[in-house]
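Here is the structure we will look at.
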Amino acid sequence: MEEYVKVSNLSYAISSKEILNNVSIQAKKGQFVGIVGPNGSGKTTLLRHIYRVLPVEENQIYIDGRDISGLSLRDSAKLVTVMRQEMDFAFDYKVLEIVMLGRSPHKKVYQSKNQEDFKIVLDALNYVGMADYKDEFFSNLSGGEKQRVLMARSLAQRAEIFILDEPTNHLDVYYQWHLMSLIKDLKKTVISVFHDFNLTLEFCDYVYVLNEGSVVAQGEPEKVLSVGMFEEIFRVSAENSKTTAGHSRVMINQAL
Amino acid sequence: MKKNKSLLLLLILIASLLLVAQSVYSDEGKAEAVTLNVMGEEITYEKIPEKVVVVGYENVENMALLGLEDKVVGFTPCMYLPEHVYPELLKKMDNLKVLPEVVRGVPGMETVLAEGADMVYGQSYHFAEASSTKVATLKDLLQNNIYPYATVGSYGDSPDLDVVYKELENLGKIFRVEERAAQEIEKLKSKQESVEEKLKGFEPKTAFVFDFQDKTGIMTPGGTGFQNNLLKRAGLKNVFDNFQSDFDVATHEQILLANPEYIVFIEYFTAGEADEKIEYIESIPELQGVEAIKNKNYIILTGIEYFPSLHNFDAIEKMAREAHKDIFEK
Amino acid sequence: MNRPQSTSSSKILIWSLIVYVLLAIVVVIAGSILGGVKIDFARGVQLLVDTIFRGADPMAQGNDAVIMINMRMPRMILALAVGGGLAVAGCAMQAITQNVLADPYILGLSSGASAMVAFCFLIFGSLLTNPLVVPLFAFLGAMLAMVLVYSLGMGGNVSGNSTNRLILTGMAVALILNALGQFIITLLPNALEKNSAAMWMWGSLSSARWSNLALPVLSSIIVTLLYTVISDRFNLISLGESTAVTLGMNTSLMRGFVMVTVSILTGVLISSSGAIGFVGYIIPHTVRMLFGADHKKLFPLAFFVGGLFLACIEVLSRVLLAPKEVPIGIFCAFFGGPFFVYLIFRQNKTGRL
């Protein structure tokens, strides 16, 4: 399979401080790719380039063979959706309205919502189990419920590529695992940042390890996430292990 | 000889016919339109106005002086008090309606319309577009077939005392009472002459005018306004005649430096206003050394005396008497 | 079940349009009859009927007709336009800055206008007789502020700081132009001019005549319609710059477009009536609280409510202390203060502004 998403030698610096140094990553279509690394390694900055909050130059990022620097923001939004932590909006929108905004990339400026849009939105809400809340105010929901709504919005966007910029860090363990499995079941191309090794092991098909702005390792999660990596890059003493149900997991001893 | 006599008789006959014809015509009051330049606009007074809204006691006085008080449908005092008006003219105003004010001292356009007025007589800033004491704009009035007239002395370059005469002359033209106007002008002129006669050849004294208190100092007339000329004719030199405007604010420092020999206080809206102003200026420590304050050389003028009006010549005499006691007591 | 939202939205809009038109008619009639000079109600209605339905000329019907129809009616209509326009501009500014404290003047428009009006007094003195001069200067002042804010404040990258940059630039320009205006006022030699310059900016609808209504009325209506058509974009950008970008919006284009249109609309409104405050801030908030934040409903409803609100205040300002007239901006300020207090209470209770 060809690379569906390709980042090629991306560098980025802010006032002479280098944040990314010639980073290259790829994701195949349908692959669940994880990006891990300690704080300050540039993970979020990398993602921001892909979802275009940071400007991209020519020959840096390709999606389905197309250089995204030549795409309008609208067209990019049809290909890439982002899930981030968005807890506080300045205004009180209803759940339905929030999810409906996911249809924006597909509507022209003056077009209004039609029947098809409503169907897509309701399907998305059903998938995340929030259909009953469609007329609730977003601000009245719990953290987990809010994130499910945002996931519905991403679903309504009908984009092939899901970028996850730490959307579940602040949520409880149930939501962290539940939402991730909902996303996995979509079988879309996913690029996600992780802090939790176990989530990485469970959900990722492929992993990149970033440290100080460079890719220091890549490969299948079980192979990459090993003792040497833990000590050198993550500065913790940890061990690989398996649960009684057969899942590979990591156990942490202590910070070094 | 007979031929010459008949010719002479004929000439006399024709002459008298012409004279009669001319007087018949002029007495007809067949009002030809009068055109005056008001604030830069040419206003044509086609008919003699019958219902005039007047702003300001000084203007009502002008109307009363010319026997036109019956034409005043209503007025507002502007910034003057009835006590400041000549008693004999005040009497004529007994039956006149005082109009409600939309902003201090001034009636609004609605009132003008409600009174069915055909003319508004006020000062220039009562007609200016963005003025905060506007009665109505020239445009609004003309659109509603109401004649505006602004006191000559309230606009223009460095107006002198002759604006008072011009004012009466203009009113005479508008109301077709030119002869009466001419008479009153003559009376005023002789008053002016007699006062100025006494002041010939004497050195002017320096004076500062305390108009009113402002945030940064005291408002006083500059060198280009009517008030400056008023002082000059009274034998007083305005210490701030170097100010390039009709009014400006003088700081305490400037007053101290100028060290005027006399201070003129103006009384407007309320009785006792002048005394308050005196109290105020005496309470300023840094001005204690000013000559006028040390010697309590104070002159009090009413607002009406201070702005173009019939009172200006009395004002000149009042100021002159105070400042040049030596001359007048001779 | 498939189109619940859009039908209820359209229903609300249609009903509110009907209610608005009815209330607007009532308010305009009331405001024409009430005022400093008393006009008998029956006579007032008679005059209206004669003028509207029989084409009678007010000037031929007597001075009370002139007062009612040529002076008060245009004021009421201007109130509807200015109140509506400012409310809509306020909604737009709040969406663009994602901040409920924004109003149409945060980008310095009123400061620019007042500085240029003061400058106009300085050049021409206070004895202007041409009615077009001061409004023109006010509009130019607003445009000056817009150009300054646009050129200084439109940069910045998306991840968080472009909105802030815009707000800070607006504040800076407002402060500078404010100071400049105040400075020019101190240069004005005449107390009358100083007072006139200050009073002009407080806002007044008294210069409204049939001949100068077209521009403010049309501008408000056109901008309201325009914003309603692209209301989706406002919903998007109100969620935040980054979110809007991820959903495909060119945020700098949107910001620029809104800035220019708000500036022109507000400039036109300021030049016709001075800078009337608080409407652009209170009304968006109130309408949002009552009807929700969706801009598709927000813009038209803000236009309706804002217009009716200002029209009522206009009548109050002429009736309360009749025949004296209190500048309408001062009245609005009376409402603004308690409103802020109410917001504080609400925040204490519900934790949200």
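The values are calculated or read from the model by the stated rules, or taken from the named source; none is laboratory data. Just so we're clear, the structure is a prediction, and the values are computed from it rather than from any experiment. When we count neighbours, we look across all protein chains shown, and the Cβ atoms used for this are built from the backbone with ideal geometry, even at glycine.
Here is how the numbers come out for the structure above:
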| read-out | value |
| --- | --- |
| Matching residues in region C:241-285 - criterion: being free of Cβ contacts under 8 Å to residues at least 60 places away in the same chain and within 14 Å of chain A (Cβ to nearest Cβ) | C:243, C:244, C:246, C:247, C:248, C:249, C:250, C:253, C:257 |
| Residue that is nearest to the other protein chains (Cβ to nearest Cβ) [pool: residues in region A:101-116 that are crowded, with 20+ Cβ neighbours inside 10 Å and not small (Gly, Ala, Ser)] | A:105 |
| First in region C:321-345 and closer than 17 Å to residue C:79 by Cα, second anywhere and loosely packed, with under 12 Cβ neighbours inside 10 Å, Cβ under 9 Å, 6 or more apart | C:326/C:320; C:331/C:320 |
| Scope region A:43-62; condition of a type in the set (Val, Ile, Thr), outside any loop (DSSP other than H, G, I, E, B) and in contact with a Ser or Thr (Cβ under 8 Å, 6 or more places away or on another chain); matching residues | A:61 |
| In region B:136-163, the residues that are part of a loop (DSSP other than H, G, I, E, B), more than 11 Å from chain C (Cβ to nearest Cβ) and either closer than 14 Å to residue B:43 by Cα or modelled with pLDDT of 90 or more (or both) | B:151 |
| Only listed residue being out of contact with any helix residue (DSSP H, G or I) (no Cβ under 7 Å at 6 or more places or on another chain), in the same structural domain as residue B:324 (by TED's automatic domain parsing), farther than 21 Å from residue B:79 by Cβ and aromatic (Phe, Trp, Tyr), chosen from B:243, B:269 | B:243 |
| Filter pass, residue A:68 being buried (at least 18 other Cβ atoms within 10 Å of the Cβ) and in contact with a His (Cβ under 7 Å, 6 or more places away or on another chain) | no |
| Residue check for residue C:330: assigned to a helix (DSSP H, G or I), closer than 24 Å to residue B:108 by Cα and among the β-branched types (Val, Ile, Thr) | yes |
| Answer from C:148, C:152 - the residue that is under 22 Å from the mean Cα position of the chain (by Cα), over 25 Å from residue C:330 (Cα atoms) and not in a loop (DSSP other than H, G, I, E, B) | C:148 |
| Residue match in region B:103-124 (condition: facing another protein chain (nearest Cβ under 10 Å), in a helix (DSSP H, G or I), among the small types (Gly, Ala, Ser) and free of Cβ contacts under 8 Å to residues at least 12 places away in the same chain) | yes |
| One residue from C:163, C:169 being of a type outside the set (Asp, Glu), within 13 Å of another protein chain (Cβ to nearest Cβ) and either free of Cβ contacts under 8 Å to residues at least 60 places away in the same chain or within 19 Å of residue C:253 (Cα to Cα) (or both) | C:163 |
| Residues satisfying the stated conditions in region B:69-96, i.e. touching a residue at least 40 places away in the same chain (Cβ under 8 Å), out of contact with any helix residue (DSSP H, G or I) (no Cβ under 6 Å at 6 or more places or on another chain) and either closer than 18 Å to residue B:123 by Cβ or small (Gly, Ala, Ser) (or both) | B:74, B:78, B:81 |
| Whichever residue in region C:1-33 is crowded, with 19+ Cβ neighbours inside 10 Å, closer than 20 Å to residue B:113 by Cβ and hydrophobic (A, V, I, L, M, F, W, C) and, among such residues, is modelled with the lowest pLDDT | C:33 |
| Set C:81, C:65, C:95, C:87: member being within 14 Å of chain B (Cβ to nearest Cβ), crowded, with 19+ Cβ neighbours inside 10 Å, part of a helix (DSSP H, G or I) and not β-branched (Val, Ile, Thr) | C:65 |
| Failed criterion for residue A:82 (all others in (1) more than 9 Å from chain C (Cβ to nearest Cβ); (2) of a type outside the set (D, E, K, R); (3) over 30 Å from residue C:287 (Cα atoms); (4) touching an Asp or Glu at 6+ places or on another chain (Cβ under 9 Å) hold) | (1) |
| In region A:172-211, the residues that are among the aliphatic types (A, V, I, L, M), crowded, with 19+ Cβ neighbours inside 10 Å and over 14 Å from the mean Cα position of the chain (by Cα) | A:201, A:209, A:210 |
| Residue list for region B:80-100, filter: under 27 Å from residue C:199 (Cα atoms) and either surrounded by fewer than 19 Cβ atoms within 10 Å (Cβ to Cβ) or of a type in the set (Gly, Ala, Ser) (or both) | B:81, B:98, B:100 |
| Residue match in region C:303-311 (condition: modelled with pLDDT under 80, within 30 Å of residue C:37 (Cα to Cα) and surrounded by fewer than 23 Cβ atoms within 10 Å (Cβ to Cβ)) | no |
| Helices (runs of 4 or more DSSP H) (entirely within region B:203-322) containing at least 2 residues that are in contact with a Phe, Trp or Tyr (Cβ under 8 Å, 6 or more places away or on another chain) | B:226-233, B:252-258, B:273-282, B:303-306 |
